Amino acid sequence: FTIPGDLVVGTGQARLYFNEAVTVLNVMASVGTAPTGATVLFDLNKNGTTMFSTQGNRPTIAISGFSDLSSTPDVTAIAAGDYLTVDVDQVGSTITGADATVIVEYY
């Protein structure tokens with residue numbers, strides 16, 4: 001998933017559909033502009049429901065950071081026909097993060 005420009009809090013608009021069952025292994029996030037004042041938080045949703053029942057495990061980019069390379073969701077099973085979306089739950093408060101990429105690793 002790519003989110004060009006300054007990040008804005010909101011629910012995912014793009015959907016990624018699966019034509020076969022897979023297991024999500026990891027979710028990585030990065031930004032081209034580091035946030036300041038507050039972290040950037042992303043959420044990964046399956047069919048509109050968060051996959052991170054432990055909200056503290058969501059992909060988080062630290063203040064002045066550029067990436068989070070390891071966020072394992074609590075729900076990992078994806079069935080054929082399911083779809084994923086990404087939400088931006090929080091952006092930097094002084095400088096918002098910008099130009100984000102969220103990568104979902106699966107097999």
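Some notes on this structure:
- Tallying residues that are in a loop (DSSP other than H, G, I, E, B) and open to solvent by less than 40 Å² (accessible area, probe 1.4 Å) within segment 68-77 yields 1.
- Summed over segment 50-62, the residues that are touching a strand residue (DSSP E or B) at 6+ places or on another chain (Cβ under 6 Å), open to solvent by 30 Å² or more (accessible area, probe 1.4 Å) and assigned to a loop (DSSP other than H, G, I, E, B) give a count of 1.
- Pick from segment 9-46, criterion in a loop (DSSP other than H, G, I, E, B) and either among the acidic types (D, E) or surrounded by 13 or more Cβ atoms within 10 Å (Cβ to Cβ) (or both), ranking: modelled with the lowest pLDDT: G12
- As a summary of the residue check, D87 satisfies the conditions (1) under 11 Å from the mean Cα position of the chain (by Cα); (2) closer than 17 Å to Y106 by Cβ except for the one numbered (2).
- Taken over segment 78-99, residues that are outside any loop (DSSP other than H, G, I, E, B), aliphatic (A, V, I, L, M) and either buried (at least 18 other Cβ atoms within 10 Å of the Cβ) or in contact with a helix residue (DSSP H, G or I) (Cβ under 8 Å, 6 or more places away or on another chain) (or both) amount to 5.
- Meets criteria (within 10 Å of the chain's Cα centre (by Cα) and in a loop (DSSP other than H, G, I, E, B)) for G65: no
- Among (1) in contact (Cβ under 8 Å) with a residue 40 or more places away in the chain; (2) farther than 14 Å from L44 by Cβ; (3) open to solvent by less than 60 Å² (accessible area, probe 1.4 Å) - the single one G65 does not satisfy: (1)
The values are calculated or read from the model by the stated rules, or taken from the named source; none is laboratory data. Keep in mind that what you see is a predicted model, and the values were worked out from it rather than measured. Neighbour counts are summed over all protein chains in view; Cβ atoms, including those assigned to glycine, are modelled from backbone coordinates with ideal geometry. SASA here: full protein model, heavy atoms, side chains in, ligands and nucleic acids out. Shrake-Rupley method; radii C 1.70, N 1.55, O 1.52, S 1.80 Å.
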